[in-house]
């Protein structure tokens, strides 16, 4: 299983560590040439979504990644990655990849001081530790989007076809449940 991890900015190394611990091979995506070869799944990590979106455009990665996602490539998106996938960003005109039919609210819990930790149930996965760091949440979902988790009445995890998107950072928890679920999505797509 070969997983591409967007590594232009943000918390990509922690995802790679978790995926490798589960037996996956990881490679970093920093330029178009990195998209050559087999890719069974894609991780869009947390970080600064505005910077990441700008870099995706400048590096010529936006359209090729969008095409792969739209053609069924499984993707795990966390925090800023959720914003990159969203079709709509509250209060903003455009979007980035725009493949996930949701509206997100960025920095929904405030600045760094508004970061917090909790545990909650994620449908199909179980109870998980959740670290929210300047996190977004999903305001609205369109038809076909499955809500997987809510915290305090706000949607923090969704799945739409091949896209798994979370407001929080499972890669810093030490719990591999989300990454294991994602690799199972990749295996099912491979067959």
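Of note:
- Highest GNM mean-square fluctuation among 129, 170, 74, for the chain modelled with Cα contacts below 10 Å: 129.
- Least to most buried among 152, 90 (fewest other Cβ within 10 Å first): 152, 90
- The antiparallel fraction among DSSP beta bridges confined to region 2-190 stands at about 55%.
- Among 121, 146, 93: highest mean-square fluctuation, GNM of the chain, C-alpha pairs under 10 Å: 93
- Between region 117-191 and region 30-91, the alpha-carbon center distance in angstrom: 17
- Neighbour counts of C-beta atoms inside 10 Å place 124, 15, 179 in the sequence 124, 179, 15, starting with the fewest.
- In the chain, helical runs assigned H by DSSP with n ≥ 4 each contribute -39500 (n - 2.57); averaged across all residues and rounded to the nearest 500, the mean residue ellipticity at 222 nm is -7500 deg cm²/dmol.
- Taking the number of Cβ atoms within 10 Å of each Cβ as an exposure proxy, the fewest-first ranking of 186, 79 is 186, 79.
- Relative contact order computed over the chain (Cα-Cα under 8 Å; 6+ residues apart), in percent: 20
- Residue 13/residue 48 FRET efficiency (R0 25 Å; Cβ-Cβ; nearest 0.05): 0.95
Bear in mind these aren't lab numbers, they're just calculated from the coordinates by the rules spelled out. These numbers were taken from a predicted model, which means no experiment stands behind them. Using ideal geometry, Cβ is built from the backbone for each residue, glycine included, and neighbour counts are taken over all protein chains shown.
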